[in-house]
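A.B. asks: I'd like to ask some things about the structure below.
The values are calculated or read from the model by the stated rules, or taken from the named source; none is laboratory data. Not measured: the values here are computed from a predicted model. Note: ideal-geometry Cβ built from the backbone for every residue, glycine included; neighbour counts use all protein chains shown.
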């Protein structure tokens with residue numbers, strides 16, 4: 001009996017049991033591997049999607065800032081009134097230029113003129129440049145300490161972030177403000193030769209023509225560019241254009257997409273310096289909201305148009321909007337809001353995905369009408385991508401209508 005028990009205790013698994021266990025083990029391993037692969041794939045997809053979202057937030061914040069700041073530091077006339085000459089884009093025939101002697105518009109738009117029949121935006125103001133001085137400003141108030149001395153007004157010194165003086169002074173302009181006299185307000189101050197720039201100096205050697213001569217006057221000093229002894233300022237402001245470019249498009253972008261660029265106009269040669277903001281952009285459409293009251297006194301939106309005013313809804317006419325877009329005064333007094341719609345790829349190509357719609361509406365709907373919208377139709381290849389419509393809605397702070 002003892003020998004039988006010993007023989008039984010050494011018995012192993014049968015072949016069937018081993019095969020069954022191995023089959024079960026392999027099944028669990030395959031399921032785990034497939035689950036791991038799915039997790040990795042989804043993680044990669046969501047990671048690329050979040051990259052797109054973060055890129056969109058940062059890039060479109062740059063666009064929002066410049067739209068909000070349009071018109072900052074711009075003048076409405078100049079003093080003396082003998083004239084001024086400046087340049088913008090090298091192509092002098094470009095419709096976005098206000099050169100060589102006109103008062104600049106705070107913004108310019110082109111309808112369906114960029115890649116894939118998208119819109120283009122041009123923003124003018126001192127703060128939209130790339131150089132550090134373009135973010136700085138100060139002012140000179142009237143202060144004559146002695147009747148026997150020359151004007152002793154000096155720029156206000158801030159505790160930090162001051163404009164730079166010698167030996168490498170920032171390049172600045174001066175604009176006179178006088179809220180008690182409209183004929184003496186928002187005037188760019190020029191020397192006798194029509195020169196509009198001067199080197200900043202906070203210690204008193206400010207050209208006398210830039211100093212206030214009455215207690216109602218204030219000279220606003222705006223930084224425009226950094227020191228460069230060999231290159232004068234091309235224009236008494238900075239300019240940045242926003243449009244879709246098809247050069248240097250990343251390989252992971254879908255067909256028929258480009259890069260949303262911020263292109264600053266160089267003071268040196270009038271060409272573009274490019275700053276990519278958002279990859280894989282298929283379309284950008286602009287809608288403008290207008291206050292149609294005389295002089296912009298209603299302070300409310302009663303009409304919308306597309307970028308060039310060729311389509312208008314509301315109380316304004318085609319000729320109204322065309323006139324405002326061509327006029328610095330018209331833009332200041334009537335433009336109330338800017339809506340920018342940007343259709344962009346989200347993440348990378350997903351061969352197992354099919355976008356649920358064949359097209360997407362890009363634009364603004366007003367009172368149930370749709371002439372301000374554009375229907376973007378996807379190609380078959382584009383349907384294997386996720387798509388997102390960004391909306392940037394801005395009320396420009398420096399237009400008179402919004403103050």
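Each row is one residue, and each column tells you yes or no for (1) assigned by TED's automatic domain parsing to the domain that holds residue 241; (2) surrounded by fewer than 23 Cβ atoms within 10 Å (Cβ to Cβ); (3) under 18 Å from the mean Cα position of the chain (by Cα); (4) free of Cβ contacts under 8 Å to residues at least 60 places away in the same chain.
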| position | (1), (2), (3), (4) |
| --- | --- |
| 279 | yes, yes, yes, no |
| 282 | yes, no, yes, no |
| 288 | yes, no, yes, no |
| 293 | yes, yes, no, yes |
| 299 | yes, yes, no, no |
| 302 | yes, yes, no, yes |
| 319 | yes, yes, no, yes |
| 329 | yes, yes, no, no |
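A.B. asks: Just one of 293, 247, 302, 319 is farther than 14 Å from residue 107 by Cα and touching a strand residue (DSSP E or B) at 6+ places or on another chain (Cβ under 7 Å); which is it?
C.D. replies: Of 293, 247, 302, 319, the one residue that is farther than 14 Å from residue 107 by Cα and touching a strand residue (DSSP E or B) at 6+ places or on another chain (Cβ under 7 Å) is 302.
A.B. asks: Consider residue 191 against the criteria (1) in contact (Cβ under 8 Å) with a residue 40 or more places away in the chain; (2) part of a loop (DSSP other than H, G, I, E, B); (3) touching a helix residue (DSSP H, G or I) at 6+ places or on another chain (Cβ under 9 Å): it satisfies all of them except one. Which criterion is unmet?
C.D. replies: Among (1) in contact (Cβ under 8 Å) with a residue 40 or more places away in the chain; (2) part of a loop (DSSP other than H, G, I, E, B); (3) touching a helix residue (DSSP H, G or I) at 6+ places or on another chain (Cβ under 9 Å), the lone unmet condition for residue 191 is (1).
A.B. asks: Quick one: residue 121 ticks every box in (1) within 30 Å of residue 283 (Cβ to Cβ); (2) touching a helix residue (DSSP H, G or I) at 6+ places or on another chain (Cβ under 9 Å); (3) surrounded by fewer than 15 Cβ atoms within 10 Å (Cβ to Cβ) bar one, so which box is it?
C.D. replies: (3)
A.B. asks: Say whether the condition of being touching a strand residue (DSSP E or B) at 6+ places or on another chain (Cβ under 8 Å), farther than 23 Å from residue 260 by Cβ, at pLDDT below 95 and buried (at least 18 other Cβ atoms within 10 Å of the Cβ) is met by at least one residue in the range 353-372.
C.D. replies: yes
A.B. asks: Identify the residue in the range 1-22 that is in a helix (DSSP H, G or I) and surrounded by 10 or more Cβ atoms within 10 Å (Cβ to Cβ) and, among all such residues, is modelled with the highest pLDDT.
C.D. replies: Step by step, filter the range 1-22, then rank; the result is 22.
A.B. asks: How many residues does the range 329-352 hold that are touching a strand residue (DSSP E or B) at 6+ places or on another chain (Cβ under 8 Å) and not in a loop (DSSP other than H, G, I, E, B)?
C.D. replies: 14
A.B. asks: Also: Among the residues of the range 156-193, which ones are surrounded by 13 or more Cβ atoms within 10 Å (Cβ to Cβ) and within 17 Å of residue 231 (Cα to Cα)?
C.D. replies: 169, 170, 171, 172, 173
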